[in-house]
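Colleague: Below is a structure I'd like to ask you about.
Every number in this text was worked out from the coordinates using simple rules, so none of it is lab data. Just so it is clear, the model here is predicted, and its values are computed rather than measured. Here the Cβ positions follow ideal geometry from the backbone for every residue, glycine too, while neighbour counts run over all protein chains shown.
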Amino acid sequence: MLTLWIACQMAHTLALHLPTSRAPLGSELYVRRNFIFWGLFVLDKGLSLSFGRPPMLPAYLYQNVPQPDPKHMVKFRPHLRSAPNDVIGDFGCFFILTFRELAILQGKIGESMHRKEDARTSVKLREDLEIWMARLKEQVETSRALTCMRQILTSLALEVSGCPKNAP
């Protein structure tokens, strides 16, 4: 948690979410900075709600920061040396952008709890969360990437279930 706190403070201090003269909007450096910022933002919201602590990157400060560009996200694979796989890349983009939206909602929910907002705000946040869940369900049902991932997982499960029980 302390490491995340330090990383979030650095992201805020360095203004990773903003374009700079060295990292103008649309540049590769800005894209990476934006991607790192949103990764920290998502982690911050998850841990904030898990531990009942206020967020280090408040949602209201960053609500207008552009989301990462999916075209660049597919290419961002610091842990892999091989060429990008479209299915896995599409799934990764879907996953990150979906959880970015959830993190923004989590931030708003957490902030409303700390500010003791009125009942209308709670109803609005509940509606927003239900809309997010309905969109997620629709995207999961229609996503090409998720369909391919299900096929891959199903074929892996069939291979595993076809193995003899005493196989290594």
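Colleague: Pull out the extension gain between Ala134 and Met113, defined as 0.36 nm times the separation in residues minus the alpha carbon to alpha carbon distance; nm, one decimal.
Modeller: Gain in length upon complete extension: 5.2 nm.
Colleague: Still on this model: Fewest first, what order do Met56, Met10 take by the number of other Cβ atoms within 10 Å?
Modeller: Met10, Met56
Colleague: Using a cut-off of 24 Å between alpha-carbon atoms, which lysines can reach Lys71, once sequence neighbours fewer than 8 places away in the same chain are excluded?
Modeller: Filter leaves Lys137.
Colleague: Just want the ordering: Thr98, Thr142, from fewest to most Cβ atoms lying within 10 Å of their own Cβ.
Modeller: Thr142, Thr98
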